[in-house]
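Just so you know, all these numbers are worked out from the coordinates, no wet-lab data involved. Keep in mind the model is a prediction, meaning the values are calculated, not measured. Every residue, glycine as well, gets a Cβ built from its backbone with ideal geometry; the counts of neighbours run over all protein chains shown.
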Amino acid sequence: MSQPTPDTFEILKREAAARAVATVRSGMKVGLGTGSTARHFVDLLAARIKAEGLDIVGVPTSEATRQQAEGLGIVLSTLEQTPALDVTVDGADEIDPALRLIKGGGGAHLREKMVALASKRLIVIADETKQVAQLGRFKLPLEVVPFGLNTTQQRLVAVLVGAGCQTRITRRLKADGSVFVTDSGNAILDADCVAIPDPDALAHALDGVTGLVEHGLFIGMATAAILATADGIRVMGQLD
């Protein structure tokens, strides 16, 4: 597999986004993902809507995506107003061969998961560097309520160690050193697992931790992944 240079990353992301935009048809209700690759999808979708007059309703997965889509003139709704979606297109921080994902690098995985679960299909768009043989190299995001955070963190460490992960957990900070807060007002803990031996079992165990709002493991949700590589587009799973 040819490795892209840093200067080609955005080009590759845009190519993956363009392939996903081509699957959208008029009349669809579309979940709009969050992150650098998803931004390309929103831009290109807005351009296609304008050029072809498509009837599309979007449901954004974050305030940042809402602001972007609103500024581009995409008609928006919410999960409350539009509880069933045709497709969600979003990025990922890691993708394994079974289309299991780690998401949440942008801190939006709670809303991303809620929107994805409301969708018939979840199409992941990414550059080839996000494909891994085993999940865990990317830190696993864990959104937690601020109340009792230290106690929740201790429970999370116990669960992660019990799942065979070499774990160091840190609280996410912004670039200026201030505490990162999600759109829902929660904190993010990032778990450095190194490798996750059994993502399915870990996801199940994490689901039972009180104080954890949502983890960044997306298991059995992605129906396809569009990977832009230096050698062209590669599709995993079924797009339609």
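For this structure, a couple of remarks:
- Of the beta bridges in the chain, as assigned by DSSP with both residues counted there, near 55 percent are antiparallel.
- A full extension of the chain between GLU10 and THR170 corresponds to an added length of 54.7 nm, given 0.36 nm per residue minus the alpha carbon distance.
- Spin-label pair ALA22/SER184, simplified geometry with 7 Å Cα→Cβ offset, distance in nm: 3.6
- Going from the residue with the fewest nearby Cβ atoms within 10 Å to the one with the most, ARG171, ARG39 rank ARG171, ARG39.
- Whole-Å semi-axes of the ellipsoid equivalent to segment 114-213 (Cα gyration tensor, √5λ, descending): 22, 18, 16
- Annotation note: GluC sites (Glu not before Pro) in segment 1-71 located in DSSP loop regions with a Cβ neighbour count of at most 15 within 10 Å are absent.
- Taking other Cβ atoms within 10 Å as a rough exposure proxy, SER119, SER184 sort from fewest to most as SER184, SER119.
- Long-range lysine pairs (8 or more apart or interchain), the chain, Cα under 18 Å: 12
- Whole-number percent relative contact order across segment 140-213, with pairs defined as alpha carbons under 8 Å at least 6 apart: 46
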